[in-house]
1. Helix 167-180 sits at what angle to the longest principal axis of the chain, using alpha carbons and giving 0 to 90 degrees rounded to 10?
2. Based on the Cβ-Cβ distance of residue 269 and residue 135, what FRET efficiency does E = 1/(1 + (r/R0)^6) give at R0 = 45 Å, to the nearest 0.05?
3. What shape does region 212-315 take by its C-alpha gyration tensor, where a ≥ b ≥ c are the square roots of the eigenvalues and a/c under 1.5 counts as rounded, a/b above b/c as prolate, and the rest as oblate?
4. Which whole-number percent gives the relative contact order of the chain, counting Cα pairs below 8 Å spaced six or more residues apart?
5. Of the residues 206, 38, 140, which exhibits the maximal mean-square fluctuation in a Gaussian network model of the chain defined by a 10 Å Cα contact cut-off?
6. Mind checking the full-extension length gain between residue 327 and residue 157? Use 0.36 nm per residue of separation minus the Cα-Cα distance, one decimal, nm.
7. Quick check on region 191-255: take the gyration tensor over C-alpha atoms, sort the square-rooted eigenvalues as a ≥ b ≥ c, and tell me if it's rounded (a/c under 1.5), prolate or oblate.
8. Using alpha carbons only, how many angstrom separate the centre of region 170-213 from the centre of region 80-131?
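Any read-out appearing in this document is the output of simple, stated calculations on the displayed coordinates, not a laboratory observation. Predicted, not measured: the structure shown is a model, and the values here were computed from it. With ideal geometry, Cβ positions are generated from the backbone for all residues, glycine too; neighbour counts draw on all protein chains shown.
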């Protein structure tokens with residue numbers, strides 16, 4: 001006997017598979033929210049008929065109603081940068097009586113697209129996205145008509161709703177702290193420059209060096225990613241090619257700094273006695289690391305909290321037609337890895 005799908009079971013995802021189109025296209029045809037070619041429209045409508053889907057009745061049943069659900073997409077749930085940020089999001093969602101869906105892309109672009117389609121299908125009321133650096137990624141969000149706020153990262157020249165840290169200032173504070181302690185020959189180990197935060201921190205480092213009357217030594221600049229492995233690899237490379245060690249390393253993240261310190265210690269190079277190391281982002285493990293790490297605090301909980309508050313203002317219609325960007329100022333956290341205690345006494 002042939003299996004028959006009831007109309008209550010059919011979803012937009014089913015239609016997209018049947019018609020071989022994206023969920024965004026299905027949504028556009030059903031809601032008449034944007035132009036879709038005649039060919040694709042016919043394919044979607046045919047799939048709707050075959051699956052006994054009743055989009056008009058479904059739309060009427062949900063019109064004006066909220067699913068009382070919000071979502072967030074992050075790049076790597078194992079990255080210690082995210083837990084405090086996520087807690088800030090979740091606290092606000094719970095306080096407003098909403099369920100909170102967390103999506104982890106694991107830095108996989110396909111997962112990102114799949115989550116966008118899932119969020120569209122589930123009719124989530126609003127979305128926070130922490131991982132967008134490229135205009136092409138943002139276009140995928142906007143063509144689905146999702147109600148969203150960006151946080152942590154944003155594409156170049158983006159001027160809509162966003163909450164983030166002043167990444168330029170994080171590196172400027174790092175350089176100023178190192179120079180104040182007497183370090184002048186400073187290496188830089190950064191992240192992937194395609195990522196907006198990495199690019200901004202690199203620009204901040206260059207500006208900070210100029211402001212302090214120092215030149216950036218190109219042989220002491222390394223770009224990789226925000227991982228322990230990247231910090232370790234580039235510190236090893238620096239040790240192998242430099243006849244004389246720099247005075248200090250300015251790392252673009254605490255994870256990079258952890259890797260660098262590991263490489264230095266393996267080579268019997270002491271931190272901070274032989275070289276200072278400065279982190280960036282105040283990872284929750286930084287204070288109790290084998291060498292307590294001097295770093296820059298990013299107010300990660302506040303970032304998540306304020307981003308979710310901004311999203312709820314949009315959901316409630318308070319920010320309709322108004323775009324707002326909130327940039328939080330970082331602060332210095334001085335610990336052992338830069339020799340702050342001994343040098344400040346001197």
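1. Approximately 10 degrees, to the nearest ten.
2. So, using R0 = 45 Å, E works out to roughly 0.60.
3. It is prolate, given that a/c is not under 1.5 and a/b is the larger ratio.
4. Averaging sequence separation for qualifying contacts and normalising by length gives 17 percent for the chain.
5. Highest fluctuation of the listed residues: 38.
6. The span from residue 327 to residue 157 would gain 59.8 nm if fully extended.
7. Oblate is the answer for region 191-255, as a/c is 1.5 or above yet b/c matches or exceeds a/b.
8. The two parts, judged by their Cα centres, are 31 Å apart.
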